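Structure first, then comments.
Where a number appears in this text, it was derived from the coordinates with a stated rule and is not lab data. Since the model is a prediction, treat every value here as computed from it, not as a measurement. Glycine gets a Cβ as well: all are built from the backbone with ideal geometry, and neighbour counts include every protein chain shown.
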Amino acid sequence: MDKAKQKTLPEIVSRSEVASSRLVTIEQVDLKFSNGAERTFEKIKGSGRGAVMVLPLIDDETLLLIREYCAGTHNYQLGFPKGLIDPGEEPQHAANRELQEEVGFAAHHWRHLHQVCIAPAFFNAKMEIFIARDLYESQLEGDEPEPLEVVYWPLSDYKSLLAQPDFTEARSIAALMLLKDFLEVTDDQ
């Protein structure tokens, strides 16, 4: 097991906003490291609210995914329901809300699976991944510009899912593999 030595965080010498849009702010951060090295980094300043991703299991063998338009790649991507945590909202409540908005189900049973970071060298964004089970129909109005396609996928055929040309988002792939590992461990017990 890796037992990394405790590192001293670099000193923040200065920080300033260098660009801003409706969605993001880019911040310049001047740092001084413990060995005397000085560097300037640019990073996207996050909202600090975080986000959630839901791995909904309609039964022990079937995942629910969504296919939605992604502006960053200008195509449709297959992935798991996800979204931002609203101010003051608990992550599990955000997960249940997103599940209702995006696939028309809520869940009786929740399990926090893991937390992942997105491009931590440039962005302070954390995503909480949840498993949702014992689903029941419940629809909330979401903010998507068009209805999302809900896709039922057999968990036993996860390798075919990984081969799909529109299943490329790293967070969804990581979540799928974490789910597979989690289910294998719980099935062995």
note = So for R0 = 25 Å, FRET eff. of Asn75-Glu42 from the Cβ-Cβ r, to 0.05, ends up at 0.35
ask   = If you take the beta carbon distance between Ser20 and Val151 as r and set R0 to 35 Å, what does 1/(1 + (r/R0)^6) give as a FRET efficiency, to the nearest 0.05?
value = 0.45
key: Percent of beta bridges antiparallel (DSSP, the chain, rounded to nearest 5)   = 85 percent
remark   = Expressed in µm² per second, the diffusion coefficient of the chain from the Stokes-Einstein equation, with Rh the Kirkwood radius over alpha carbon pairs, at 20 °C and 1.002 mPa s, is 115 µm²/s
key: Choice from Lys45, Lys32, Lys126 showing the highest fluctuation, given a GNM over the chain with Cα pairs closer than 10 Å   = Lys32
request  = Could you work out how far helix 91-103 tilts from the main Cα principal axis of the chain, as a 0 to 90 degree angle to the nearest 10?
outcome  = 50 degrees
query = So how do Lys159, Lys180, Lys5, Lys82 line up by other beta-carbon neighbours within 10 Å, fewest first?
reply = Lys5, Lys159, Lys180, Lys82
key: Whichever lysines have a C-alpha closer than 24 Å to that of Lys7, once near sequence neighbours (fewer than 8 apart) are set aside   = Lys32, Lys43, Lys45, Lys126
inquiry  = Under 8 Å for C-alpha pairs, at least 6 residues apart: give me the relative contact order for segment 51-188, rounded to a whole percent.
reply    = 31 percent
At most 12 other Cβ within 10 Å, DSSP loop - GluC sites (Glu not before Pro), segment 1-82 = Glu61
query = Do you know the relative contact order of segment 5-52, to the nearest whole percent, from alpha carbon pairs under 8 angstrom that are 6+ apart?
reply = 31 percent
ask   = Considering only DSSP states other than H, G, I, E and B, which GluC sites (Glu not before Pro) in segment 102-159 qualify as loop sites with at most 12 other Cβ atoms within 10 Å?
value = Glu141
Calculated [θ] (222 nm, deg cm²/dmol) that DSSP helices of n ≥ 4 give over the chain, each run adding -39,500 (n - 2.57) = -6000 deg cm²/dmol
request  = State log₁₀ I(q)/I(0) for segment 38-115 at q = 0.13 Å⁻¹ as given by the Debye formula over alpha-carbon point scatterers of equal weight, solvent excluded.
outcome  = -0.50
key: Table column - 3J(HN,Hα) (Hz), segment 160-170, Karplus curve with 6.51, -1.76, 1.60, x for Gly and Pro   = 5, 5, 4, 8, 5, x, 9, 10, 10, 5, 4
